[in-house]
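Below: one structure, written as structure tokens.
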Amino acid sequence: MSVKSAALAALASAYKLNGLEAAPSIVRSTKPEFGDLQCNDMMPLAKATGKNTRALAASVAGPGFVNFRLSNETIAAEATAMLGDPTLGVEKESPVRTVIDFGGPNVAKALHVGHLRSFVIGESLRRILAEIGHDVISDIHLGDWGLQMGKLLYGAAIASGWQHGDPVPFIKDFSFDETSVEELGILYKSGNVASEDDTALAVARSLTNMLQDGHPILTTAWKRMREISLEAVSATAGQLGAHFDLFFGESDAHSEVAPMLDDLVSRGLARESDGALIIDVSGEGLPDNVPPLLLRKSDGAALYGTTDLATLRRRVRDIGAQRIIYCTDDRQALHIGSVFSAARSAGYAHGIELRHVTFGTVRGWNGKPFKTRDGSAASLGDMIELALAKAAEKVTDKHAATVVGLGALKFADLSTPRKTGYVFDIDKMTSFEGRTGPYLQYAYARICSILNKAASAGIVPGVTVSVSHPSERAVLVECLWYPHSLSEAARLLEPFEIAERAYQVADTFSRFYTDCAVLNGEDPPGRLATCKLVAQVIGRCLELLGMETVRRM
Ligand code: ARG
């Protein structure tokens with residue numbers, strides 16, 4: 001049991017004894033002089049019961065606060081238990097089958113800064129939820145089915161010399177064998193620009209429809225393009241350490257679409273409007289005047305919302321999802337909220353928890369969305385290269401430099417609450433000082449080297465932890481808070497909780513290491529036990545953030 005749970009249990013029985021109905025709550029103390037934990041329930045309880053706050057509070061530091069100070073014996077006992085527990089005291093939750101949808105790249109479109117956030121946040125959540133006991137399945141939900149595909153095919157037709165008439169033979173002649181993902185991007189752009197013209201747009205639309213209807217030549221071309229894109233995306237995901245159990249795309253829901261629409265029409269849920277098929281949506285944080293979700297265009301094409309709804313239905317039915325988490329930037333709130341609402345009214349999400357994990361924008365110095373010098377959205381590949389190059393200037397070992405560069409990028413993304421967004425500052429994020437990935441990775445490596453040095457001197461860390469100095473007490477209390485941070489991270493779907501835990505532990509550790517002799521002190525095994533616990537907590541936190549560590553730098 002975490003210290004927080006123990007304090008909560010003590011409070012709960014005190015409330016019961018005093019005839020109070022409320023469930024207690026506890027937070028970390030805002031100031032060290034108030035102790036370690038505090039309960040702010042007295043004020044609301046006094047209001048509810050008409051009793052005096054002072055009478056309610058057992059120990060009063062300000063009006064209505066109950067403060068807890070952990071005894072050094074408790075801290076030592078809890079820290080010892082944590083050191084001997086491979087999960088580090090995690091309070092497991094009963095497993096919920098969870099599908100997490102993140103990444104969401106589109107065929108033929110270059111990965112950009114927005115994908116960094118989805119990959120990094122999504123992967124961290126995947127790890128956090130698994131760590132606390134859930135059964136997690138990740139799915140990349142490749143954008144491979146809408147009008148974009150028609151535009152891409154259109155681009156391929158132009159590139160192989162088509163000017164007018166039937167574009168299909170030209171697409172058939174286009175050889176994708178030597179085509180790189182960058183070249184696909186160029187094809188898409190040319191198709192997209194051309195479609196600004198109405199006649200061209202009509203062709204792109206009809207190519208989309210023919211593809212969705214299974215036209216063999218278009219299907220073959222599309223498959224090749226999808227493969228090329230997926231190969232590039234997998235490489236980047238792999239580099240970032242993002243793991244996907246499923247590489248499904250929008251297209252994989254295609255066989256589901258027609259029966260789903262029949263179902264919705266036959267039950268009177270979807271209706272025709274100007275030749276299109278729509279479903280009304282409401283609630284789920286949607287504005288009052290929210291437009292209906294478009295399910296089928298008048299030309300018969302399925303849309304982004306259609307494949308999303310069909311995918312959701314499949315995830316529940318075929319994967320047995322009990323919870324589905326979508327990780328996209330906050331500009332998709334209306335879309336995802338509409339899909340959730342449609343799924344609810346159709347009965348596709350009965351008893352299913354649907355969560356939209358949104359995140360804010362990565363900004364440049366001017367406060368605007370981060371762009372490259374030429375004004376285009378920064379490519380994810382370039383951002384990774386930049387971080388790796390910066391790290392290589394500071395870290396000589398090649399492997400360590402890669403670990404540090406990627407860690408810097410990830411930690412910068414996860415060390416502010418996800419909705420806030422942040423400024424992309426390559427110098428700050430790769431610095432070894434402050435709230436950065438390199439600082440934490442270095443702290444971890446430093447403790448490993450202390451443990452190594454001890455090992456070569458034949459000193460083994462003790463199995464019991466003790467509290468021998470206020471600075472040691474401080475770092476241990478930060479460690480003890482880890483299980484609670486994990487629970488909060490899982491509850492709020494917020495990796496920031498883990499990033500902050502890692503930082504607090506590392507920061508108090510450096511104070512401890514300055515104040516207390518480890519190897520030359522009175523009790524090397526005892527202090528080494530503290531070092532070992534700290535390394536375990538920091539190491540586990542970094543792992544949950546999707547960051548790698550090195551034992552030497
Ligand atoms: N491909 C989409 C885009 O680039 C993101 C997909 C997010 N996931 C989802 N199920 N809609 O905007």
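Any read-out appearing in this document is the output of simple, stated calculations on the displayed coordinates, not a laboratory observation. Worth saying up front: this structure is predicted, and the values here are computed from it rather than measured. All Cβ positions, glycine included, derive from the backbone under ideal geometry; neighbour counts span all protein chains shown.
Computed quantities for the displayed model
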read-out: Fewest-first ranking of ASP144, ASP299, ASP263, using other Cβ atoms within 10 Å as the exposure measure; value: ASP299, ASP263, ASP144
read-out: Mean Cα-pair separation over length for segment 372-426, i.e. relative contact order, pairs under 8 Å, 6 or more apart, %; value: 29
read-out: DSSP beta bridges in the chain [antiparallel fraction, %, rounded to 5]; value: 45
read-out: Angle between the chain longest axis and helix 181-194 axis [Cα atoms, degrees, rounded to 10]; value: 60
read-out: Dimensions (Å) - segment 2-59, Cα atoms, principal axes, largest first; value: 30, 21, 15
read-out: Rh by Kirkwood over Cα pairs, then Stokes-Einstein D for segment 429-540 at 1.567 mPa s and 4 °C, µm²/s; value: 90
read-out: Rounded to 10°, Cα long-axis angle of helix 3-17 versus longest principal axis of the chain; value: 80
read-out: THR87 paired with THR74, simple spin-label distance in nm, labels 7 Å along Cα-to-beta-carbon; value: 2.2
read-out: Whole-number percent relative contact order across the chain, with pairs defined as alpha carbons under 8 Å at least 6 apart; value: 16
read-out: Selection from GLY122, THR53, LEU380, by position along the positive dipole direction of the chain (Cβ); value: THR53
read-out: Distribution of pairwise C-alpha distances over segment 347-405, 10 Å bins, in %; value: 18, 28, 25, 16, 11, 2
read-out: Segment 1-130: relative contact order as a whole-number percent, Cα under 8 Å and 6+ apart; value: 16
read-out: Unit charges on C-beta of K, R, D, E only; dipole of segment 2-92, Debye; value: 380
read-out: Degrees between helix 254-266 axis and first principal axis of the chain (Cα, 0 to 90, nearest 10); value: 90
read-out: Cα Rg over Rh - segment 95-137, Kirkwood; value: 1.09
read-out: Mean projected area in nm² (Cα convex hull; one quarter of hull surface) for segment 409-465; value: 5.7
read-out: Cα-based equivalent ellipsoid, the chain: semi-axes from gyration tensor eigenvalues, Å; value: 50, 31, 18
read-out: Contour excess over end-to-end distance, with Cα ends at VAL96 and SER282 and 0.36 nm allotted per residue; value: 64.3 nm
read-out: Descending principal axes extents, segment 126-213, alpha-carbon based, whole Å; value: 58, 28, 23
read-out: Length gained when the stretch GLU385-GLN322 is fully extended (0.36 nm per residue, less Cα-Cα span); value: 18.8 nm
read-out: Lysines with Cα under 30 Å of LYS109, excluding same-chain neighbours fewer than 8 positions away; value: LYS151, LYS172, LYS189, LYS223, LYS297, LYS368, LYS371, LYS390, LYS410, LYS419, LYS428
read-out: At most 10 other Cβ within 10 Å, DSSP loop - trypsin sites (Lys or Arg not before Pro), segment 322-419; value: ARG373
read-out: ARG271 paired with HIS243, simple spin-label distance in nm, labels 7 Å along Cα-to-beta-carbon; value: 4.8
read-out: Backbone N under 16 Å from the GLU543 label point (7 Å along Cα→Cβ), restricted to segment 433-458; value: 441, 444-445, 448
read-out: Within the chain: Cβ-based charge dipole about Cα centre, in debye rounded to nearest 20 (Lys, Arg +1; Asp, Glu -1); value: 1420
read-out: Cα-centre dipole for segment 323-410 with unit charges at Cβ (Lys and Arg positive, Asp and Glu negative), debye to 20; value: 180
read-out: Longest segment of the chain lacking GluC sites (Glu not before Pro) that sit in a DSSP loop with at most 11 other Cβ atoms within 10 Å; value: 197-432
read-out: Positive-end residue of ALA108, VAL193, ILE140, charge dipole of segment 107-223 with Cβ unit charges; value: ILE140
read-out: Extension gain, ALA6 back to PHE34 (0.36 nm per residue minus Cα-Cα distance, nm); value: 8.2 nm
read-out: Charge-dipole axis of segment 226-384 as Lys and Arg at +1 and Asp and Glu at -1 on Cβ define it, positive-most pick from PHE370, ALA276, ILE352; value: PHE370
read-out: At most 15 other Cβ within 10 Å, DSSP loop - trypsin sites (Lys or Arg not before Pro), segment 55-147; value: ARG69, LYS92
read-out: Percent of Cα-Cα distances greater than 18 Å, calculated over segment 28-125; value: 71
